[in-house]
There are 2 protein chains.
Amino acid sequence: MRRKVYVPGSRPDIQVPFAEVDLTDGSTPVRLYDTSGPGVFDRLPRVDWAADRRLHGAPVTQLGCARAGIITPEMEYVAVREGVAPELVRDEIAAGRAVLPANVNHPEVEPMVIGKAFLVKVNANIGTSAVTSDVAEEVEKLTWATRWGADTVMDLSTGPRIHETREAIVRNSAVPIGTVPIYQALEKVKGDPLKLTWEVYRETIIEQAEQGVDYMTVHAGVLLRYVPLAADRVTGIVSRGGSIMAAWCLAKHQENFLYTNFEELCEIFARYDITFSLGDGLRPGSIADANDEAQFGELRTLGELTEIAWRHDVQVMIEGPGHVPMHKIRENVDLQQEVCHEAPFYTLGPLTTDIAPAYDHITSAIGAAMIAMYGTAMLCYVTPKEHLGLPDRDDVKAGVIAYKIAAHAADLAKGHPGAQAWDDALSKARFEFRWEDQFNLSLDPETARSYHDATLPAPAAKTAHFCSMCGPKFCSMRISQELKEYAAKGMADKSAEFVESGGKVYLPLA
Amino acid sequence: MRRKVYVPGSRPDIQVPFAEVDLTDGSTPVRLYDTSGPGVFDRLPRVDWAADRRLHGAPVTQLGCARAGIITPEMEYVAVREGVAPELVRDEIAAGRAVLPANVNHPEVEPMVIGKAFLVKVNANIGTSAVTSDVAEEVEKLTWATRWGADTVMDLSTGPRIHETREAIVRNSAVPIGTVPIYQALEKVKGDPLKLTWEVYRETIIEQAEQGVDYMTVHAGVLLRYVPLAADRVTGIVSRGGSIMAAWCLAKHQENFLYTNFEELCEIFARYDITFSLGDGLRPGSIADANDEAQFGELRTLGELTEIAWRHDVQVMIEGPGHVPMHKIRENVDLQQEVCHEAPFYTLGPLTTDIAPAYDHITSAIGAAMIAMYGTAMLCYVTPKEHLGLPDRDDVKAGVIAYKIAAHAADLAKGHPGAQAWDDALSKARFEFRWEDQFNLSLDPETARSYHDATLPAPAAKTAHFCSMCGPKFCSMRISQELKEYAAKGMADKSAEFVESGGKVYLPLA
């Protein structure tokens, strides 16, 4: 059985959620990281830690506090959540290698940390478009995404009622919420990018900051001089924000106003402790365009902007591609870590081939697992509908699960402390035919159970020492359990005994 | 539109199938590798190339011919299929780095080659079990698997009517068929492994050889001394064949009869040109057990057996794991290539984590893509039902598609000549809003089309310059197409013109 438990920190208002799985063999329950949130949000609000800090004259941002040597309640919370020392959390944030996105106006958030020293995180994109939009449906997608393990959610709404949609999402979210403010800014100027101004953008940022948005994608690295570099690509500019800023720069023949006003942007972000997610507006949209000069030129500019943000005590992560063949993935992480001074990398996939629309959760889970192994801190999911349409509920789940797999595979490959305990618990349950434990320890217990029951629905099959793959006679798991018992008794001169027990074991079922 | 075309070789009976995709922009059609077979098998039989060879005193096996410098019609066929020189095919086979599995009694087969110098191949497992079995259903799974791109199919039947099931599969298969003969041998002794003998096994091999099985998994490397090494594992021995042989060795306290009779086995295989698939009976069944001494001890023995088989002119590939975390994958390929003298590696996944039953096509596609990039020649698929039940039609498709993605991602990463042309054609179609071309170039055109149509079903949407993801106003693809045109006209002093066209472009649809 899975239960939700809360582990207390050093003060009563630090209560860290876990999903605890009881095991039928009576061994210690397994505790899993839990993103599902409290469900009913009137259990909140909790103590306003940020207000408390302000009262005592501490810095507002987590970065500011960390640099001042302060371990905030949020840092302690994530330390409990990750099973690490609070000092590690503070030091990683202070060095800029990790971010803890928590807008002072988003007290509903359950703090989490994004950085290569910690568990790899997964973001799920939701949001309306001009073609499909419904506020309740988006809140439902949020709840659904976090139920399956999304660590943050981005509201990418571009349809009508952007403000109300976002308000509903932030107020119902226990995970940090990210946005791409240029979408709403563009909406405010009736969709004409040439009417965009710094003033409209600033107004939009402040509106969203007041609502409690935790991190914002800002395409400040799309410089005028990089735009022509994308002209000869197979797929040009595929980032919406990137193409909007590119159109603006070219038409005005002026430098990107997000770049020229970046210091003021930092001042606003610092007031709310909003984390920058510096957008890769020139990310490749196809295998052919991976790792080109447009992409890497912008990345170097993001490195410069990182230093500016850090001077304002503003937290930063860096967005990455996109579409990259496997042999070019590592270069992305290595270069990003170098030029962005180890700021956390946050990548969209990458997709490792372009040939499988409708399966891009898989083409990109491959790239995501690899890029995370190399040091990416958070993975933005891709759903089966990528390139084809807006994800529905099923697509959101498929995307989140594929990415939880990629993230956990990377945690294992990085040797994250404790990561393998989950695999071992499940494999042990499998070997010992504890079917219910195996299901409950799964990323998706319901589907695992239903697949098993498709061929063996009888309750007795849940304790049977075989499944429908091999049937009762050939089960290698059972044979090798018996070998194990046999070995335990000593290998030599036990043949006779084994023949006897073996003879019984292999009798076909009547 | 997709059409099947046949490209002729140097003689009229060499007709190599391709799927040709016509493009709506009138550019050169794209030719894709095609495994779907002729559909109606009375179009066959073709000329019996093997009989012809025998008449003229040439060696029976492809390895024998290659070593004698002969380019067989089969080799020429695969050269056309792969777009390489026939001499390369011959030389790779002669060196043992590639196999061309084609039993002389399987004239229905469309020759294909498995080796690291060629396209990465995918195998699909089908077959009955004691719990679920139906001959017609298995033939349907075969046709279905090859329709989606399976390059070979293994019939792993353990249920009733093993012989008839296999006969139906081989006679209807244009792809090489593999089996694990120990399953039927065990059936012949009523499921009691202790009654297994070399004689029963040999009789089974010959029965299957006569039917035309192209390659057989033989667990000859499970030596008595390795079995105790698996006793302390988390999941013991998970290979069915491996556990059967381990049980036999332990109970008899004798060496594996497949090992002690290996020379005679080679003589039989040579007569039919059956390819060895040397089974990894001690492969790891969990992350915890990866790359241990039991696994690598057996692998070294498979290397010795490879040399013996080669002395008999018998082709060999080596089976590999299983469950391996990402950071331990490369070691598997490197060691296998070293100790097995570059014989083709044929791996089951590997799964990169144990925590996601019901999604093991994804956990393993990650590992499969990586291991193929490092040099694995063929990937055995894993379906969503792995560990839970027998795959049905939908599972077979899900498994094949996930593995075609992994294989192609590896082809790209290895820089296989021509591999990227497919991605480029699809991405170009995407960028130019040629929706029908994008669908037709997809691994799964039907699903891609249906996902698109879920939100935009109108026929006009198939030529629309946007999709439901962003809606008409924000389409970055369209914006960047316009940037491209703009750039083509020269970057400087074109702002005014862009403003004019841009103003029109961004008018929201009425």
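The values are calculated or read from the model by the stated rules, or taken from the named source; none is laboratory data. Please read these numbers as outputs of a predicted model, since none were measured by experiment. Neighbour counts run over all protein chains shown; Cβ positions are idealised from the backbone, glycine included.
Kindly provide the set of residues from the stretch A:301-328 that are closer than 26 Å to A:ALA365 by Cα and crowded, with 20+ Cβ neighbours inside 10 Å, ordered by number. Steps first, answer last, please.
Applying the first criterion (closer than 26 Å to A:ALA365 by Cα) to the stretch A:301-328 yields A:302, A:316-328.
Of everything in the stretch A:301-328, those that are closer than 26 Å to A:ALA365 by Cα and crowded, with 20+ Cβ neighbours inside 10 Å turn out to be A:LEU302, A:VAL316, A:MET317, A:ILE318, A:GLU319, A:GLY320, A:PRO321, A:GLY322, A:HIS323, A:VAL324, A:PRO325, A:MET326.
So how many residues does the stretch B:318-341 have that are under 18 Å from the mean Cα position of the chain (by Cα) and in a loop (DSSP other than H, G, I, E, B)? So the answer is 2.
So for the stretch B:360-371 (the condition being in a loop (DSSP other than H, G, I, E, B) and in contact with a helix residue (DSSP H, G or I) (Cβ under 8 Å, 6 or more places away or on another chain)), does at least one residue qualify?
Going through the stretch B:360-371, the residues in a loop (DSSP other than H, G, I, E, B) turn out to be none.
No, that holds for no residue.
Within the stretch B:211-259, the set of residues being touching a Phe, Trp or Tyr at 6+ places or on another chain (Cβ under 9 Å), in a helix (DSSP H, G or I), touching a residue at least 40 places away in the same chain (Cβ under 8 Å) and under 30 Å from B:VAL170 (Cβ atoms) comprises B:ARG240, B:GLY241, B:ILE244, B:MET245, B:ALA247, B:TRP248, B:PHE257, B:LEU258.
Got at least one residue in the stretch B:458-470 being within 27 Å of B:LYS404 (Cα to Cα), at pLDDT 80 or above, crowded, with 21+ Cβ neighbours inside 10 Å and at the interface with another protein chain (Cβ under 7 Å from one of its Cβ atoms)? Give the steps one after another, and end with the answer.
First, the residues of the stretch B:458-470 that are within 27 Å of B:LYS404 (Cα to Cα): B:462, B:467, B:469.
Add one more test, that the residue is at pLDDT 80 or above, and what stays is none.
The answer is no; no qualifying residue exists.
Considering the stretch A:271-317 alone, what residues qualify as being assigned to a loop (DSSP other than H, G, I, E, B), within 14 Å of chain B (Cβ to nearest Cβ) and in contact with a strand residue (DSSP E or B) (Cβ under 8 Å, 6 or more places away or on another chain)? Result: A:GLY279, A:ASP280, A:ARG283, A:PRO284, A:GLY285, A:SER286, A:ALA290.
Just checking, which of B:GLY242, B:GLY212, B:GLY178 is within 22 Å of B:PHE262 (Cα to Cα), in contact with a Leu (Cβ under 6 Å, 6 or more places away or on another chain) and not basic (Lys, Arg)? Give the derivation first.
Details: B:GLY212 fails: in contact with a Leu (Cβ under 6 Å, 6 or more places away or on another chain); B:GLY178 fails: in contact with a Leu (Cβ under 6 Å, 6 or more places away or on another chain).
None of the other options fit; the residue is B:GLY242.
Of the candidates B:GLU304, B:GLU293, B:GLU319, the single residue that is of a type in the set (D, E, K, R) and closer than 19 Å to B:ALA102 by Cα is B:GLU319.
As a summary of the residue check, B:LEU194 satisfies the conditions (1) within 12 Å of chain A (Cβ to nearest Cβ); (2) buried (at least 21 other Cβ atoms within 10 Å of the Cβ) except for the one numbered (2).
In the stretch B:261-273, is there at least one residue being of a type in the set (D, E, K, R) and within 22 Å of the chain's Cα centre (by Cα)?
Start the filter on the stretch B:261-273 by keeping residues that are of a type in the set (D, E, K, R), which leaves B:263-264, B:267, B:271, B:273.
If we keep only those that are within 22 Å of the chain's Cα centre (by Cα) too, we end up with B:273.
Checking the stretch B:261-273: at least one residue is of a type in the set (D, E, K, R) and within 22 Å of the chain's Cα centre (by Cα).
Going through (1) more than 8 Å from chain A (Cβ to nearest Cβ); (2) touching a strand residue (DSSP E or B) at 6+ places or on another chain (Cβ under 8 Å); (3) of a type in the set (Phe, Trp, Tyr) one by one, B:PHE433 falls short only on (2).
For the stretch A:365-381, which residues satisfy the criterion of being facing chain B (nearest Cβ under 10 Å) and within 30 Å of B:TRP435 (Cα to Cα)? Matches in the stretch A:365-381: A:ALA365, A:ILE366, A:GLY367, A:ALA368, A:ALA369. Kindly evaluate A:ILE93 against the criterion of being under 22 Å from the mean Cα position of the chain (by Cα), at pLDDT 95 or above and of a type in the set (Val, Ile, Thr). So A:ILE93 passes the test. One residue alone among A:VAL84, A:VAL99 is among the aliphatic types (A, V, I, L, M), touching a Ser or Thr at 6+ places or on another chain (Cβ under 6 Å), under 28 Å from A:PHE276 (Cα atoms) and touching a residue at least 60 places away in the same chain (Cβ under 8 Å), and that residue is A:VAL99.
Every test in (1) more than 8 Å from every other protein chain (Cβ to nearest Cβ); (2) farther than 28 Å from B:HIS465 by Cα is passed by B:ALA409 save one, and that test is (1).
Answer yes or no as to whether A:TYR6 is aromatic (Phe, Trp, Tyr), under 25 Å from the mean Cα position of the chain (by Cα) and closer than 30 Å to A:THR463 by Cβ. Judged against the criteria, A:TYR6 is not a match. The set of residues from the stretch A:382-403 being more than 8 Å from chain B (Cβ to nearest Cβ) and closer than 20 Å to B:THR353 by Cβ comprises A:VAL382, A:LYS397, A:ALA398, A:GLY399, A:VAL400, A:TYR403.
Of the residues that sit in the stretch A:169-191 and are under 16 Å from A:SER129 (Cα atoms) and of a type in the set (A, V, I, L, M, F, W, C), which one is surrounded by the most Cβ atoms within 10 Å (Cβ to Cβ)?
Going residue by residue through the stretch A:169-191, those that are under 16 Å from A:SER129 (Cα atoms) are A:169, A:179-188, A:190-191.
Checking which are of a type in the set (A, V, I, L, M, F, W, C) leaves us with A:169, A:180, A:182, A:185-186.
Numbers: A:ILE169: 26, A:VAL180: 25, A:ILE182: 28, A:ALA185: 24, A:LEU186: 26.
So the residue we want is A:ILE182.
One residue stands out in the stretch A:187-205 among those that are touching a Pro at 6+ places or on another chain (Cβ under 6 Å) and in a helix (DSSP H, G or I): the one that is farthest from A:ASN261 (Cα to Cα), namely A:THR204.
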